[in-house]
Amino acid sequence: MSADVGNATSYISLGQAKAQSFTAVDTLVESITVWRPANRLTPIGVHLYINKAFYQFPIILDGGLARANDSEPPGGPIPLTWRFDPPARLPGPGDYILVIQEEACNLWDYPILYHTGSDAYPPGGCAYTWRATVDCFIPSWKGACPTDVDMCFRVVFCHDVATAVRRSSWGQLKILYR
């Protein structure tokens, strides 16, 4: 679900984490993007974790920190993108959850773009945690969002399927590349 359907804002602060479940049909992840609302400039970053759906541990993927001061061009929703090169490998197809937490459990309210009012992404749901009290580690789950609320996010998969090719003899290939 992209930022163009975003119509609400939720905030992360004091080590709280926000999460969104998604279904993975492929196992290789090229990138993950979440958005801040337009014109909400901040130099503070967000940390990404991936787990099996609605499990707190074990963390399958620690995506690290992403920062984005503004959108390009300015004035639009601000993307926070994690790119994986080589692609990140999930254990298998299935349901996962992306968890985001503000850098260093900052005191400021960090805005994240959401969609409310209809279930724009029926296979998924969002959740949130308590605030962190020790070592800025992901706290335990506090609750789930209403069914008509989803985080604006995008997961881009690499398609790890074979590509059909045309069979050619060695002689035909030599003729092509002379």
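The values are calculated or read from the model by the stated rules, or taken from the named source; none is laboratory data. Computed from a predicted structure; not experimentally measured. Don't worry about glycine lacking a Cβ; one is built from the backbone with ideal geometry, like all the others, and counts go over all protein chains shown. Just so you know, the surface numbers come from the protein's heavy atoms only, side chains and all, with ligands and any DNA or RNA stripped out. Shrake-Rupley method; radii C 1.70, N 1.55, O 1.52, S 1.80 Å.
Got at least one residue in region 75-82 being open to solvent by 40 Å² or more (accessible area, probe 1.4 Å) and in contact (Cβ under 8 Å) with a residue 60 or more places away in the chain?
yes
Within region 134-150, how many residues are of a type outside the set (Asp, Glu) and assigned to a loop (DSSP other than H, G, I, E, B)? Quick ask: steps written out before the conclusion?
First pass over region 134-150, keeping only residues of a type outside the set (Asp, Glu): 134, 136-147, 149.
When the remaining residues are screened for being assigned to a loop (DSSP other than H, G, I, E, B), the result is 134, 136-140, 145-147.
So the answer is 9.
Tell me, yes or no, whether region 74-95 has at least one residue that is among the hydroxyl-bearing types (Ser, Thr, Tyr) and under 20 Å from His159 (Cβ atoms).
Initially, region 74-95 is screened for residues among the hydroxyl-bearing types (Ser, Thr, Tyr), giving 81.
From what's left, under 20 Å from His159 (Cβ atoms): 81.
Within region 74-95, one or more residues are among the hydroxyl-bearing types (Ser, Thr, Tyr) and under 20 Å from His159 (Cβ atoms).
Is there any pair linking a residue in region 126-143 that is farther than 15 Å from Ile50 by Cα to one that is surrounded by fewer than 15 Cβ atoms within 10 Å (Cβ to Cβ) and at pLDDT 85 or above, with Cβ under 7 Å and at least six apart or on different chains, and which?
Here the result reads Trp130/Ser140; Trp130/Lys142; Cys136/Ala104, each pair linking region 126-143 to a residue that is surrounded by fewer than 15 Cβ atoms within 10 Å (Cβ to Cβ) and at pLDDT 85 or above.
Quick check on region 52-61: of everything there that is in a loop (DSSP other than H, G, I, E, B) and open to solvent by 30 Å² or more (accessible area, probe 1.4 Å), which residue is nearest to Thr23 (Cα to Cα)?
By that ranking, first place goes to Phe54.
Are there any pairs with C-beta distances below 6 angstrom linking a residue in region 87-103 that is closer than 17 Å to Lys18 by Cα to a residue that is assigned to a loop (DSSP other than H, G, I, E, B) and open to solvent by 50 Å² or more (accessible area, probe 1.4 Å), with the two at least 6 apart or on different chains, and if so which?
Short answer, once both residue conditions are applied: Ile97/Phe54.
If the requirement is being assigned to a loop (DSSP other than H, G, I, E, B) and either at pLDDT 90 or above or touching a Pro at 6+ places or on another chain (Cβ under 8 Å) (or both), which of these qualifies: Arg166, Arg131, Arg178?
On the way: Arg166 fails: either at pLDDT 90 or above or touching a Pro at 6+ places or on another chain (Cβ under 8 Å) (or both); Arg178 fails: either at pLDDT 90 or above or touching a Pro at 6+ places or on another chain (Cβ under 8 Å) (or both).
Exactly one residue qualifies, and that residue is Arg131.
Go over the candidates Gly117, Gly143, Gly171 one by one and state the one that is loosely packed, with under 12 Cβ neighbours inside 10 Å, within 21 Å of Gln16 (Cα to Cα) and at pLDDT below 90.
Gly143
Here is a list: Gly64, Gly92. Which entry is open to solvent by less than 60 Å² (accessible area, probe 1.4 Å), farther than 22 Å from Asp150 by Cβ and not in a strand (DSSP E or B)?
None of the others qualify; the one that does is Gly92.
Only one of Ser2, Ser31 is surrounded by fewer than 20 Cβ atoms within 10 Å (Cβ to Cβ), of a type in the set (Gly, Ala, Ser) and modelled with pLDDT under 90. Can you tell me which?
Working: Ser31 fails: modelled with pLDDT under 90.
Result of the check over Ser2, Ser31: Ser2.
Which one is farthest from Tyr114 (Cα to Cα), of the residues in region 5-50 that are free of Cβ contacts under 8 Å to residues at least 60 places away in the same chain and either part of a strand (DSSP E or B) or not aliphatic (A, V, I, L, M) (or both)?
Ranking the candidates gives Pro43 first.
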